[in-house]
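This report concerns only the one structure given below.
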Amino acid sequence: AATVTTSARYPRWVRVNTLKTTVMDILAGGFKDYTPVNEFQELFAKAGEKEAMVVYIDPHIPNLLGFPPSTDLSAHPLVVSGALFLQDKASCFPAHILSPPPDAFVVDGTAAPGNKTTHLAAIIGRGGSGKIFAFEKDLKRSKVLETMVGKAGADRIVEIRSGNDFLLADPWKEGEKEGLEKVTHLLLDPSCSGSGIVERHEYELLPTTPRPAPPASRTSKMKKRKRGDNAEVTPTNLVSKKEREEITKHNALDEERLLSLSTFQKKIIVHAMRFPSARRITYSTCSVHAAENEHVVLSVLESDVAVKRGWRVEKRDENNFRSWERRGLVEECGGDEEVAQGCIRCNPWEDGGIGFFVVPFVRDGSIDEPLA
Ligand code: SAM
């Protein structure tokens, strides 16, 4: 066990790939020297102390384990072989919430590098007759996706559409649909601002401290600014005129970028909503901006396709993730409590990882004709 120089509260999350192994085998085999714990806090040591060899069994996501922050598993044989995937907890939410049954036809519309595709494949399972169509527009990233799917042992389940734009996928066109007309579940995790992505070293608090936002030092604000998160950067925080001008310009650029991202995000959801047999869609981002999250949801619900086909946000009490407390922001949902409760949020640091947003859309109707 490593001695920690900081007291980061950000576990190393590890997803057990059930296409290759089981949690029981992991805990009885390669990690038998680790003691399973039920308390998240037991993963963290105070600065200068040795981290205990403990492993946390996550109560929200099946087959997800948390290790102390200094644990480096990147070269571990089980990671190299694809039995374990180093995947942030929040990034496991979409596939778990989508939960396709073993015989489902599924689309991952924006798939590379493949964390969620391989997670979906594990949910479908070795014995499942289901299939995942994994679209990835970028050819270079498609290669990474291919490697990851191979490593996960998911080649039989996943059909990779390398270099294919999901927006051009046509489930109605004879000769092109090739099973897309049977797709019932779609996972959409499109490009976003990434404003929820936080780095481990920025959070250094003592274990006894309740987990507030990281110290608002000027340096960390400058770092955030580079990453495109302008949430805490306002001209009044800063001193020089030059810096103020720089921030104002940056915020304007950010708004422009957010607008272009959210336009694309809406388009991709509405496209998925047209799929004839679609019944369940998850939309997710690693952004903390309401513009890419709740606002996208509201705008999609107002679209013709959503209205005509009867799409709605799944209610919290219907959802398999209902015990997760942090939900969408009511004020960003125009005061609609039910929509806000249907959305799932994850705050950076506070929830043990990156900032994230997921919403499940569902529909019960049976309209199968193409819409204009
Ligand atoms: N879900 C992935 C995972 O968990 O590993 C991460 C997806 S990443 C946020 C978004 C991906 O969507 C990028 O690889 C990007 O190239 C791809 N993409 C963007 N627009 C697309 C489109 N219209 N069709 C297919 N892929 C697209």
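The values are calculated or read from the model by the stated rules, or taken from the named source; none is laboratory data. As the structure is a computational prediction, the values presented were derived from the model and not from experiment. Reconstructed Cβ throughout: ideal geometry from the backbone, glycine too, with neighbour counts over all protein chains shown.
Filtered by the rule that a residue be more than 14 Å from Pro68 (Cα to Cα) and either at pLDDT below 95 or acidic (Asp, Glu) (or both), the range 1-31 gives Asp25, Gly29, Gly30. In the range 101-114, of all residues being touching a residue at least 40 places away in the same chain (Cβ under 8 Å) and either within 6 Å of the ligand (Cβ to nearest atom) or not in a strand (DSSP E or B) (or both), the one that is surrounded by the fewest Cβ atoms within 10 Å (Cβ to Cβ) corresponds to Ala104.
Here is the figure for the range 111-157: residues that are of a type in the set (Lys, Arg) and over 22 Å from Pro190 (Cβ atoms) total 3.
Considering the range 130-151, the residues that are more than 10 Å from the ligand (Cβ to nearest atom) and over 26 Å from Ala278 (Cα atoms) include one that is surrounded by the fewest Cβ atoms within 10 Å (Cβ to Cβ), namely Thr147.
Is there a residue being in a helix (DSSP H, G or I) and away from the ligand (no atom under 16 Å from the Cβ) anywhere in the range 270-292?
yes
The residues listed here are Pro77, Pro69, Pro94; of these, the one that is surrounded by fewer than 23 Cβ atoms within 10 Å (Cβ to Cβ) and at pLDDT 95 or above is Pro77. Taken together, the residues in the range 117-129 that are hydroxyl-bearing (Ser, Thr, Tyr) and more than 10 Å from the ligand (Cβ to nearest atom) amount to 1.
Just give me the residues in the range 152-175 being more than 15 Å from the ligand (Cβ to nearest atom) and either without any contact (Cβ under 8 Å) to a residue 40 or more places away in the chain or surrounded by 21 or more Cβ atoms within 10 Å (Cβ to Cβ) (or both), in sequence order.
Passing the criteria: Asp155, Arg156, Ile157, Lys173, Glu174, Gly175.
Remark: pairs (first residue in the range 70-96, closer than 16 Å to Ile123 by Cβ and in contact (Cβ under 8 Å) with a residue 40 or more places away in the chain; second residue of a type in the set (Phe, Trp, Tyr) and more than 16 Å from the ligand (Cβ to nearest atom); Cβ separation under 8 Å; 6+ apart in sequence or on different chains) = Phe93/Phe321; His96/Phe321. Within the option set His295, His271, being at pLDDT 60 or above, in contact with a helix residue (DSSP H, G or I) (Cβ under 7 Å, 6 or more places away or on another chain), crowded, with 16+ Cβ neighbours inside 10 Å and more than 28 Å from Gly179 (Cα to Cα) holds for one residue only, His295. Residues in the range 37-50 that are under 24 Å from Val23 (Cα atoms) and either without any contact (Cβ under 8 Å) to a residue 40 or more places away in the chain or surrounded by fewer than 18 Cβ atoms within 10 Å (Cβ to Cβ) (or both): 7 in all. Against the list (1) over 30 Å from Pro68 (Cα atoms); (2) within 18 Å of the chain's Cα centre (by Cα); (3) among the aliphatic types (A, V, I, L, M); (4) part of a loop (DSSP other than H, G, I, E, B), the condition Val297 fails is (4). Listed by first and then second residue, the pairs with beta-carbon distance under 8 Å, at least 6 apart or on different chains, first residue in the range 254-276 and touching a residue at least 12 places away in the same chain (Cβ under 8 Å), second surrounded by 18 or more Cβ atoms within 10 Å (Cβ to Cβ) and of a type in the set (Ser, Thr, Tyr), are Asp254/Ser193; Arg257/Ser193; Leu258/Ser193; Leu261/Ser193; Gln265/Tyr283; Gln265/Thr285; Ile268/Thr110; Ile269/Tyr283.
Counting only residues that are within 21 Å of Val300 (Cα to Cα) and modelled with pLDDT of 95 or more, give me the strands (runs of 3 or more DSSP E) lying completely in the range 122-196 with at least 2 of them.
In the range 122-196, the matching strands (runs of 3 or more DSSP E) lie at 185-188.
Do you know which residues across the range 301-344 are touching a residue at least 60 places away in the same chain (Cβ under 8 Å) and either within 16 Å of the ligand (Cβ to nearest atom) or within 22 Å of Asp88 (Cα to Cα) (or both)? Residues satisfying the conditions are Asn319, Asn320, Phe321, Ser323, Trp324, Ile344.
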